[in-house]
Amino acid sequence: MPEFPELPIIGGLSRRQVLRGAGTGFGMLALAGMLGEAVPRVLAGGAASPGPLIPKVPHFPAKAKRIIFLFMNGAMSQMDTFDYKPQLQKDDGKVGPGGGTLTGSKFKFAQHGETGTWVSELYPHVAQHVDKLCFVRGLHTDTPAHPEAVIQLHTGARLASLTRPSLGAWLLYGLGTENQDLPGYVTINPPPNFGGAVNYGTAFLPAQFQGTRVSDLGQLPNIKAQESAGLQRRRLDLLQAMNRDLAATPGAPDELDGVIASYELAFKMQGKVPELLDISQEPQAVQDAYGVKPGPAGSFARQCLMARRLSEAGVRFVEVAQPGWDHHTNLHNGLINNARATDQPTAALLADLQQRGLLDETLVLFGSEFGRQPTSQGVDGRDHNITGYPMWLAGAGVKPGFSYGGTDEYGLNAVEGRMHMNDLHATLLALMGLDHTRLTYRYAGRDFRLTDVAGEVVSEIFA
């Protein structure tokens, strides 16, 4: 570690000492970002540890290095896509448990792969990869309201008023980043509603762990080069020198060091991230495989290709989102449109990751905040279901061609291998080498964690 010159004295203490002691030392970390070095953080007893984004040793050997989360925002109807229920088809039109008219799927299902996994005709491309997939079919969550359920999926907290750090933020806090020139957590096209920035925020964790928001066109808000890199670098150097001079004066606000660090990170990002997000650099055959096309119809395809590029470059957690799954009405046509938008890109992402040797170290998660009812709502819709629904995983650390748990004969309630949202989070962290009971952050006098006081790791799905 290189030695830095001691900074001016403030009230009997050097500014270096003030930065180390104030705000649990994060002022010092901000200065580290400006200097491009990992300045030690002083811990109890005088020990030092690296800065917050430096790669960290996990609690135990990790099965996955990174996660790509394909979020179907609005609650996908499981009995029309990946959870075939023959009894529901047989009893179509009858009164279901608790009332309501049982409504079988209008879509045909067929078995695929060596595992004979049932998949709807809505997903013919993903069906070709069923032997890679690991289904968790007994999920359940706490609230049927979209805003609270989406927030719980992303942060573990069931109430919007209980703001908690997001899953991606916890991962960065626990593991750091693989590439110091890139954000460790990127969310592409996040939904503006259902919690908005809470779903990729840090709450009480340091702001360095927040997700970087990117549009589905690969644009970074508020980070755009207006001039040549050389001229901008000279302007930034001048501005940073002025900031450092001001920061060294007695009584200067400590926030200046954070400003200095944010300018440097923005400069790095505008040079590195846009290049990664520029999918036009990909061969046309690759773009065609994902189904990339102009306009909204190609949004999810662009996101998936960007996710592969970001993951390949070392981004720890990437989320891509497809909105519009809230089918209280227009279920049939809505499912056709959304499946058409997500089927080919999802399958291409799996194939691309495997072809590049990345699937063995990248975990892909596909799912919604909850599921749908087996009974009808109105003429052509299904209501929310929080008591039993599936997600699937693929890639690093999970058993391929495997199903864990299940719902009853109609797909209403999880009856086997029940997994609460806390259990899913604990399992995801374990796959990344983190013990959810040890990944804690002290705030307001208590230790917080992603899984609160619950959560069991479902090791049965581990490869």
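Laboratory data are not the source of any read-out in this text; all were calculated from the coordinates shown. If you're wondering where the values come from, they're calculated on a predicted model, not measured in any experiment. Glycine also receives a Cβ, built like all others from the backbone with ideal geometry; neighbour counts cover every protein chain displayed.
A compact table of results
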| item | result |
| --- | --- |
| Anisotropy class of region 315-430 from Cα gyration tensor, a/c 1.5 cut | oblate |
| Rel. contact order, % - alpha carbon contacts under 8 angstrom, at least six apart, region 55-142 | 20 |
| Efficiency of FRET from Cβ geometry, Ala285 and Asp360, R₀ 35 Å, rounded to 0.05 | 0.90 |
| Rough spin-label spacing in nm, given labels placed 7 Å along Cα→Cβ, for Val453 and Thr163 | 2.4 |
| Whole-Hz couplings from phi, Karplus 6.51/-1.76/1.60, listed for region 322-330; x for Gly and Pro | 10, x, x, 8, 8, 8, 6, 9, 6 |
| Using a Förster distance of 22 Å, the FRET efficiency for Asp245-Gln219 (Cβ separation, nearest 0.05) | 0.05 |
| Along each principal axis, Cα extent of region 310-361, largest first, Å | 41, 20, 13 |
| Computed E for Thr329/Asn193 - FRET, C-beta separation, R0 25 angstrom, nearest 0.05 | 0.85 |
| Projected label distance in nm at Glu312 and Asp383, using a 7 Å step from Cα toward the beta-carbon | 4.7 |
| Sorted peptide list for 129-135, 201-207, criterion being average Cβ within 10 angstrom, highest first | 129-135, 201-207 |
| Neighbourhood charge, 12 Å Cβ-Cβ cut-off, centred on Gly201 and excluding it, Lys, Arg +1 and Asp, Glu -1 | +2 |
| Of Lys63/Lys85; Lys65/Lys272; Lys90/Lys399; Lys63/Lys108; Lys56/Lys272; Lys272/Lys293, those spanning more than 30 Å from alpha-carbon to alpha-carbon | Lys63/Lys85; Lys90/Lys399; Lys63/Lys108 |
| Karplus-derived HN-Hα couplings along region 116-125 (A = 6.51, B = -1.76, C = 1.60, θ = phi - 60°), whole Hz, x at Gly and Pro | x, 6, 7, 9, 5, 5, 5, 10, x, 6 |
